[in-house]
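Trainee: Sharing a structure here in structure tokens format.
Where a number appears in this text, it was derived from the coordinates with a stated rule and is not lab data. Quantities reported herein were computed from a predicted structural model and do not represent experimental measurements. All Cβ positions, glycine included, derive from the backbone under ideal geometry; neighbour counts span all protein chains shown.
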Amino acid sequence: MNPLTNVIKARRSVRKFESKPVPHEVIRDILDCARMAPTARNVQPWLFGAVTNPDLKEKISTFAEYGRFIKHSAVCFTVFCLADAKYLLEDGCAATENILVACSAHGIASCWVAGHKKAYVEDVRKLLNVPESYTLISMVAAGYCNEKPSIKKKPLEEVVFFDRYEP
């Protein structure tokens with residue numbers, strides 16, 4: 001098997017983290033992978049954040065009802081895109097996936113937390129002092145794993161078809 005596809009297939013969402021920090025050079029490499037994501041018409045409408053400050057992570061976790069675990073992560077990556085970009089959601093999600101895969105490649109566990117059109121979009125933007133022209137697409141809580149994640153995935157045959165779908 002291919003080493004990259006092995007990383008992708010082994011990745012799982014993790015919500016419990018050790019208190020160990022992620023090295024700054026690893027965070028920078030993960031952010032660099034985010035910026036290399038494909039983007040419609042090469043617009044690159046994004047702005048990425050890496051939040052390690054415990055007070056900021058705590059505050060973010062109070063905003064996101066399904067992201068309370070962010071406060072326990074070593075780093076919370078944020079993906080913002082220009083609000084008027086035509087493909088902001090697609091571009092931002094491609095960058096988010098690159099963050100998830102890069103984390104996994106570095107041995108860092110992660111969990112995607114929704115942002116786009118959530119009630120807390122403006123709260124997170126203002127807290128992080130991001131310009132008004134940007135909107136939150138996603139957040140990724142990341143750190144060293146402190147749990148055994150579930151590996152339940154549907155079999156390939158149940159979720160794919162070739163050429164035309166035939167029930």
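Trainee: Who wins for biggest fluctuation among VAL14, VAL43, VAL51 in a Gaussian network model of the chain, springs between alpha carbons below 10 Å?
Mentor: With Cα springs under 10 Å in the chain, the top fluctuation among VAL14, VAL43, VAL51 is at VAL43.
Trainee: Hey, fewest Cβ within 10 Å first, where do PHE48, PHE80 land in order?
Mentor: Least crowded to most crowded, the residues run PHE48, PHE80.
Trainee: When we measure straight from the Cα of LYS16, which aspartates and glutamates land under 19 angstrom away, once same-chain ones fewer than 8 places off are left out?
Mentor: Leaving aside aspartates and glutamates fewer than 8 places away in the same chain, those within reach of LYS16 are ASP55, GLU58, GLU65, GLU147.
Trainee: Within the P(r) computed for region 76-167, what percentage of the Cα pairs occupies the region above 18 Å?
Mentor: Of the Cα pairs, 57 percent sit more than 18 Å apart.
Trainee: How long are the semi-axes of the equivalent ellipsoid of the chain, taking √(5λ) for every eigenvalue λ of the Cα gyration tensor, in whole Å from largest down?
Mentor: 25, 21, 16
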